[in-house]
Amino acid sequence: MNTTPNTTPSTFPPPEAVAKSAWVDAEGYARMYEQSVKDPEAFWGEHGKRIDWMRPYTKIKDVSFTGDVHIRWFFDGTLNVSANCIDRHLADKADQTAIIWEGDNPAESKHITYRELHEQVCRLANVLKAKGVKKGDRVTIYLPMIPEAAYAMLACARIGAMHSIVFGGFSPDSLRDRLVDCDSHLLITADEGLRGGRKVPLKKNADEALKESPNVKTQIVVRRTGGEVAWTEGRDFWYDEEIAKVSADCPPEEMSAEDPLFILYTSGSTGKPKGVLHTTGGYLVYASMTHQYVFDYKPGEVYWCTADVGWVTGHSYIVYGPLANGATTLMFEGIPNYPSVSRFWEVIDKHNVSIFYTAPTAIRALMREGEAPVKKTSRKSLRILGSVGEPINPEAWLWYHKVVGDERCPIVDTFWQTETGGILISPLPGATTAKPGSATLPFFGVQPVVVDNDGKLLEGETEGNLCMADSWPGQMRTVFGDHARFVQTYFSTFEGKYFTGDGCRRDADGYYWITGRVDDVINVSGHRMGTAEIESALVAHPKVAEAAVVGYPHDLKGQGIYAYVTLNAGEHPSDELRKELVTWVRKEIGPIATPDLIQWAPGLPKTRSGKIMRRILRKIAANEHEALGDTSTLADPNVVTELVDNRMNHG
Ligand code: WT7
């Protein structure tokens, strides 16, 4: 028996040094939260003023979560997002660094001031205009983590075009689907990306995608590596040559608060990825306000979020939130373990980073390398640590706190989604006592509720499905081109409420503990994948008859991808075929969808009506063979016995 007393505390109050100087303390949080939910109109009417409006709003909130569902905030106001992120800082911060860019190669970095940012964005905006892009058009961005990605976002915002960023790790087919779905006519890419010393053939992928995206007439190509690329005259243009031809002056377009700002595709439990649409005013108010309060951002501090701009975290917390606040935001091209596993900590020392925001999967991977690679760096500039993307296991939380933060830095475990635009549930560093593994309490204006499977509201200490009872300004407004799907996906499961798709527990202190997705979405290294997407990629292979994909617990990734595959009659399982299928899925979707395990399944467990019982497949994948539950409704219970036997032989 282990008799060592457990001396690790289970709660972590805000360190005094942080609480003393924070934007809000515990009492301030309680007061502001109460005001925000008692009188949302008054609260947001006041806080909406944190950004600059061309025409001030007089209408604050118009929301219905029932029927056709509509969500409008600050809706008679007008503004421009790029003017808020750049121009309004020029008076007093023109020479302050807006973006610190740290290259994949540690010898490469640069500082971009707000003045330089202004010039770059204006020039690119003028290029877009010259190529025929107009207010309301869609521009797709397929770039690595280079400053041009931020310029491109802000240039679109400046002229009122919607951007749709496609993560550089997605395949040509995934890029094509996203180009076609939103009918982009212009694509911005780079010759090649650079990650961990390896080249990513972005232009080659893009050319591939453009073969089947006939409406894309223009491709603008950033020279990143100088690598050799194919060229289509009349369609392809070098970024540097184009921006040199145009004026450095481009007045910002006046946009309505509810005009679209961007589309970002995300995976759901069914069908193709959906184009999540965010609009202008509410999104910017919410991104900037959460950035200030959740990270306790103070003027002059260097803030670093390690996400890629291809994900929503990069949109809200590398670009829009920080720049709206006049912050210095660090943009990192590389990966945590190149050239060594000390890279994150070295970058923190190199650039004096105060606030560091990363994902549990990265923390777990670095934790495996031991303390030495961390301890050889100083990290004394660090003040606040953040986590996002998946539940953080207490072990990783404690390591982050002790080893990375030297027990000085509060950790904010931020729960949110592509759909929510900004952070919904998180500690505030100077206000909230943290509990490792809990996202803790709602941000201002956010009203989480827990319901059972019948939609009954559960009170007090409980566990169930996490919904939001009312809107917040950063909420998505629709699915691009498919409002019915928006209503169906988020508002039909539990009438009158926004359903997150997550399960959660609420403890006796009212703290929220996210337990993971309760739908057919899996979270692999903080990246969201629809199991249906991977299944349809698998069955598109000529040798595959049927496939079922589930998540299973994975030490580093949080969840791994487990695929059950039934082959066509006459086909035979082999290690070669297994490899072929893995390569196939990577090609169809991208490396992030790489199956971790493929199990050959002579048959899949189905109900008599033909529905695959994923509950059982999840248990088998997790090696929880004793807990399979009721299998009596299966059409053929023998299928399960066979799958369990195979799984066990798998080891
Ligand atoms: C899903 C949303 C929001 C930025 C990154 C992911 C999971 C996210 C947490 C957290 C537990 C989390 C949820 C959510 N998730 N943050 N702090 N604790 N789970 O955005 O790709 O839209 O994924 O990520 O399951 O639904 P996303």
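The values are calculated or read from the model by the stated rules, or taken from the named source; none is laboratory data. Note that the coordinates shown come from a computational prediction; the quantities given were computed from them, not determined experimentally. Counting neighbours? That spans all protein chains shown, and the Cβs are built from the backbone with ideal geometry, glycine included. With ligands, DNA and RNA removed, areas are computed over all heavy atoms of the protein, side chains included. Shrake-Rupley method; radii C 1.70, N 1.55, O 1.52, S 1.80 Å.
Data for the structure
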item: Selection status of Ala593, more than 16 Å from the ligand (Cβ to nearest atom), touching a helix residue (DSSP H, G or I) at 6+ places or on another chain (Cβ under 8 Å) and over 20 Å from Asn646 (Cα atoms); result: no
item: Unmet requirement for Tyr283, which otherwise passes all of (1) in a helix (DSSP H, G or I); (2) closer than 30 Å to Pro373 by Cα; (3) not basic (Lys, Arg); result: (2)
item: Odd one out for Ile363 among (1) away from the ligand (no atom under 16 Å from the Cβ); (2) part of a helix (DSSP H, G or I); result: (1)
item: Sole exception among (1) open to solvent by 60 Å² or more (accessible area, probe 1.4 Å); (2) in a loop (DSSP other than H, G, I, E, B); (3) away from the ligand (no atom under 16 Å from the Cβ) for Asp240, by number; result: (2)
item: Filtered residue count, segment 510-520, keeping only those that are near the ligand (Cβ under 7 Å from one of its atoms) and either of a type in the set (Ser, Thr, Tyr) or at pLDDT 95 or above (or both); result: 1
item: Segment 293-341 - residue that is of a type in the set (D, E, K, R) and surrounded by fewer than 23 Cβ atoms within 10 Å (Cβ to Cβ) and, of those, farthest from the ligand (Cβ to nearest atom); result: Lys298
item: Subset of segment 377-410 (residues that are touching a residue at least 60 places away in the same chain (Cβ under 8 Å) and farther than 26 Å from Thr500 by Cα); result: Ser381, Arg383, Ile384, Leu398, His401, Arg408, Cys409, Pro410
item: Qualifying residue in segment 578-590 (condition: modelled with pLDDT of 95 or more, among the polar types (S, T, N, Q) and either more than 33 Å from the chain's Cα centre (by Cα) or open to solvent by 30 Å² or more (accessible area, probe 1.4 Å) (or both)); result: yes
item: Index of the failed condition, Leu556 passing every other in (1) touching a helix residue (DSSP H, G or I) at 6+ places or on another chain (Cβ under 7 Å); (2) farther than 24 Å from Leu567 by Cα; (3) within 14 Å of the ligand (Cβ to nearest atom); (4) modelled with pLDDT under 95; result: (3)
item: Every residue from segment 413-457 that is more than 16 Å from the ligand (Cβ to nearest atom) and open to solvent by 30 Å² or more (accessible area, probe 1.4 Å); result: Thr433, Gln447, Asp452, Asn453, Asp454, Lys456, Leu457
item: Count of segment 180-208 residues which are in a helix (DSSP H, G or I), free of Cβ contacts under 8 Å to residues at least 40 places away in the same chain and more than 14 Å from Leu143 (Cβ to Cβ); result: 4
item: Residue list for segment 214-224, restricted to those being touching a residue at least 24 places away in the same chain (Cβ under 8 Å) and farther than 18 Å from Ala152 by Cβ; result: Asn215
item: Some residue of segment 14-30 being part of a loop (DSSP other than H, G, I, E, B), within 21 Å of Gly321 (Cα to Cα) and under 25 Å from the mean Cα position of the chain (by Cα); result: no
item: Criterion (open to solvent by 40 Å² or more (accessible area, probe 1.4 Å), more than 24 Å from Trp73 (Cβ to Cβ) and of a type in the set (Gly, Ala, Ser)) met by exactly one of Gly481, Gly460; result: Gly460
item: Filter result (more than 30 Å from Pro339 (Cα to Cα), of a type outside the set (Lys, Arg) and open to solvent by 50 Å² or more (accessible area, probe 1.4 Å)) within segment 91-116; result: Ala91, Asp92, Asp95
item: Residues satisfying the stated conditions in segment 601-641, i.e. open to solvent by less than 40 Å² (accessible area, probe 1.4 Å) and not in a loop (DSSP other than H, G, I, E, B); result: Thr607, Ile612, Ile616, Leu617, Ile620, Ala621, His625, Leu634, Val639, Val640
item: Qualifying residue in segment 470-479 (condition: closer than 23 Å to Ile612 by Cα and out of contact with any helix residue (DSSP H, G or I) (no Cβ under 8 Å at 6 or more places or on another chain)); result: no
item: Looking only at segment 272-292, and only at residues there that are closer than 18 Å to Ile384 by Cα and away from the ligand (no atom under 13 Å from the Cβ), the one that is surrounded by the fewest Cβ atoms within 10 Å (Cβ to Cβ); result: Gln292
item: Segment 186-203: number of residues that are surrounded by fewer than 18 Cβ atoms within 10 Å (Cβ to Cβ) and closer than 21 Å to Lys135 by Cβ; result: 0
item: Ser171 vs. criteria open to solvent by less than 50 Å² (accessible area, probe 1.4 Å) and touching a helix residue (DSSP H, G or I) at 6+ places or on another chain (Cβ under 7 Å); result: yes
item: Some residue of segment 366-381 being on the phi > 0 side of the Ramachandran plot, out of contact with any helix residue (DSSP H, G or I) (no Cβ under 6 Å at 6 or more places or on another chain) and not hydrophobic (A, V, I, L, M, F, W, C); result: yes
item: Positions within segment 487-508 being touching a residue at least 60 places away in the same chain (Cβ under 8 Å) and more than 13 Å from Cys467 (Cα to Cα), in sequence order; result: Val487, Asp507
item: Count - residues of segment 495-510 that are in a loop (DSSP other than H, G, I, E, B) and surrounded by fewer than 20 Cβ atoms within 10 Å (Cβ to Cβ); result: 6
item: Yes/no for Gly77 being in contact with a Lys or Arg (Cβ under 8 Å, 6 or more places away or on another chain), closer than 20 Å to Ala287 by Cα and open to solvent by less than 50 Å² (accessible area, probe 1.4 Å); result: yes
item: Per-region count, segment 243-257, residues farther than 30 Å from Thr58 by Cα and either touching a Gly at 6+ places or on another chain (Cβ under 9 Å) or surrounded by fewer than 20 Cβ atoms within 10 Å (Cβ to Cβ) (or both); result: 6
item: Positions within segment 539-569 being surrounded by fewer than 17 Cβ atoms within 10 Å (Cβ to Cβ) and outside any strand (DSSP E or B), in sequence order; result: Val539, Ala540, Pro542, Lys543, Asp555, Leu556, Asn568, Ala569
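This table checks each residue for (1) within 15 Å of the ligand (Cβ to nearest atom); (2) assigned to a loop (DSSP other than H, G, I, E, B); (3) acidic (Asp, Glu); (4) open to solvent by 10 Å² or more (accessible area, probe 1.4 Å).
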site: Gly370; (1), (2), (3), (4): no, yes, no, yes
site: Pro373; (1), (2), (3), (4): no, no, no, yes
site: Gly386; (1), (2), (3), (4): yes, no, no, no
site: Lys402; (1), (2), (3), (4): no, no, no, yes
